[in-house]
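The values are calculated or read from the model by the stated rules, or taken from the named source; none is laboratory data. Bear in mind the structure is a predicted one, so any value in this text is a computation, not a measurement. In this analysis, Cβ positions are derived from the backbone assuming ideal geometry, glycine residues included, and neighbour counts consider all displayed protein chains. Each accessible area value is taken on the protein alone, full model and side chains, heavy atoms only, with ligands, DNA and RNA left out. Shrake-Rupley method; radii C 1.70, N 1.55, O 1.52, S 1.80 Å.
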Amino acid sequence: MAKRIDVQDLDIFYGDFKAVEGVNLSVEPRSVTAFIGPSGCGKSTVLRTLNRMHEVIPGGRVQGKVLLDDEDLYAASMDPVVVRRTVGMVFQRPNPFPTMSIADNVAAGLRLNGVKDKKTLNEVVEKSLKGANLWNEVKDRLDKPGAGLSGGQQQRLCIARAIAVQPQVLLMDEPCSALDPISTLAIEDLIHELKDSFTVVIVTHNMQQAARVSDQTAFFNLKATGQPGHLIEIDDTKTIFNNPTEKATEDYISGRFG
């Protein structure tokens, strides 16, 4: 099957500090890939290289290649803004625009891209909120502030905002870590549905969540404190959780880690 994302010999730096080294992995279209591993092992850093968000931090740079449908996202001709439109991102804490209504939150990216037609905007807002399983809860208060929603609803609003611009890939950096169990379940159900239309890559500290939502799982680790993070192994999720190749993976999954 064709690779949607192909990462080759990726080293990630912040200034002179090498945060992650030697990552090779690929992601198939319309699948869910989970990144797991201990804190500080580089999983969120790797996630952010997939849409060049790590460059927002001063000194952030990479060596190696990140290909999306065989196109190098770090080619000199590639506009980071276009990359981030193609590869959307949902962050750890819900971050709706506080002064905007629910509808305007969803439409924000479209307006930024020059879409002005009200009928088009309304159609995309409805479709995106339905896609994020939020429409029935908010359809009668679209003009109310997005910040007035519950935490779980705000996170689904952020997902609706991300999918409104029709990205090819959706990155999620611990999207449930600030949510209660019921809201977490709603997001996990949503991830299963999003897979029908998008390629999803999720960082999670919750191994049960990785086992529930992902098709393949990548385990990252540190050789030692202060050393670069690196990818230990990546495989089908069932294999990683039931029969991993590396002892370090088995130790982490079984709780014998460290």
Residue-normalised value, i.e. accessible area per residue, for the chain at 1.4 Å probe, in Å², stands at 48
Quick one: putting +1 on the C-beta of Lys and Arg, -1 on the C-beta of Asp and Glu, what dipole do you get for segment 50-178 around its Cα centre, in Debye to the nearest 20? 360
With the contact rule set at Cα under 8 Å and sequence spacing of 6 or more, what percent relative contact order holds for segment 35-112? 21
So for segment 34-85, using the alpha carbon gyration tensor with a ≥ b ≥ c as root eigenvalues (a/c under 1.5 gives rounded; past that, a/b versus b/c decides prolate or oblate), I'd call it prolate
Give the whole-number value, in cubic angstrom per residue, of the convex hull volume spanned by the C-alpha atoms of segment 121-258. 134
What residue among Ile12, Ile240, Ile57 has the largest mean-square fluctuation in a Gaussian network model of the chain, using Cα springs under 10 Å? Ile57
How large, in percent, is the carbon and sulfur part of the accessible surface of the chain at a probe radius of 1.4 Å? 49
Using +1 at the Cβ of each Lys and Arg and -1 at the Cβ of each Asp and Glu in segment 40-166, identify which of Asn113, Val81, His54 lies farthest towards the dipole's positive end. His54
Under 14 Å from the Cβ of Val138, count the other residues' Cβ atoms, weight Lys and Arg +1, Asp and Glu -1, and hand me the total. +2
Taking the Cα atoms of segment 1-96 alone, what are Rg (to one decimal) and Dmax (as a whole number) in Å? 13.2, 37
Roughly how many whole Å is it from the C-alpha centroid of segment 197-233 to that of segment 75-130? 27
Positive end of the charge dipole of the chain (Lys, Arg +1 and Asp, Glu -1 on Cβ, about the Cα centre): tell me which of Gly229, Leu68, Gln166 has its Cα farthest that way. Gln166
Compute log10 of I(q)/I(0) for segment 42-128 with the Debye formula, placing one identical point scatterer on every Cα and leaving out solvent, at q = 0.15, 0.18, 0.20, 0.26 Å⁻¹, to two decimals. -0.72, -0.93, -1.03, -1.29
From zero outward in steps of 10 Å, how is the percent of C-alpha pairs of segment 67-185 spread across the bins? 14, 43, 31, 11, 1
Of all C-alpha pairs within the chain, those more than 30 angstrom apart amount in percent to 28
Using 1/(1 + (r/R0)^6) with R0 = 41 angstrom and r between the beta carbons of Arg30 and Asp143, what's the FRET efficiency to the nearest 0.05? 0.75
